[in-house]
Amino acid sequence: MLTIIMETRDNEAELAQTLSVLVAGAVQGLVSDVIILDQGSKDGSMQVADAAGCRFCLDWNLGDILRSARGEWLMLLEPGARPLGRWVDELVEYVSFNKAPARFSPSRMHKRPLLKRLSRRVAPLEAGFLMRKRDAVALARTDMRLSDIAKARTVRKLSTELVPAWVATSHRTAERA
């Protein structure tokens, strides 16, 4: 039903966090495959993806990747992002009755500080992005990234919240300091 696609570059820890949450979707039959698009990682991202049964692509063309996805719907995420609560049930219902793209609701527990919210634009994939495969394939060009597909699209908002990837990244950065 659903293919998860993420781009990564040295996001081993964040990738592991996201993949651990996605297991529930695979067990319940929602997630058919996970594709990781690498952008030159030098850490253990490939090993994490391999251990989780993901397809890890070192050299990729977005159009080819989208066409090869097994699911009829695509969920684009950043490594470290984690859907909360009953996300599997909501996505099953959404993809069964809708055709329009959707995003998760931002996590109420994880908000950037006010000044950062005012001075920084929200990244196109910060709230994830869900869309039909055929619509994504129609938009794809060779030089595109996942975020390009998610930009400037009118979408519906899912009630399920998503912990954004920057939360995991900020924790990793704080641990190094």
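The values are calculated or read from the model by the stated rules, or taken from the named source; none is laboratory data. Just so you know, these numbers come straight off a predicted model, no measurement behind them. A quick note on method: Cβ atoms are made from the backbone with ideal geometry, for glycine too, and the neighbour counts reach across all protein chains shown.
Considering only residues that are modelled with pLDDT under 90 and surrounded by 19 or more Cβ atoms within 10 Å (Cβ to Cβ), which ones fall in segment 150-163? Across segment 150-163, the qualifying residue is only Ala150.
Scanning segment 1-35 for residues that are β-branched (Val, Ile, Thr) and touching a residue at least 40 places away in the same chain (Cβ under 8 Å) yields Thr3, Ile4, Ile5, Thr8, Thr18, Val21, Val31. The condition (being of a type in the set (Asp, Glu) and modelled with pLDDT under 95) is satisfied by just one residue among Asp38, Asp59, Asp33, Asp89: Asp59. Can you work out which of the residues in segment 134-149 that are of a type in the set (Val, Ile, Thr) and at pLDDT 85 or above is surrounded by the fewest Cβ atoms within 10 Å (Cβ to Cβ)? Here the answer is Val137.
Per the conditions (1) modelled with pLDDT of 95 or more; (2) touching a helix residue (DSSP H, G or I) at 6+ places or on another chain (Cβ under 7 Å), the sole criterion not satisfied by Met131 is (2).
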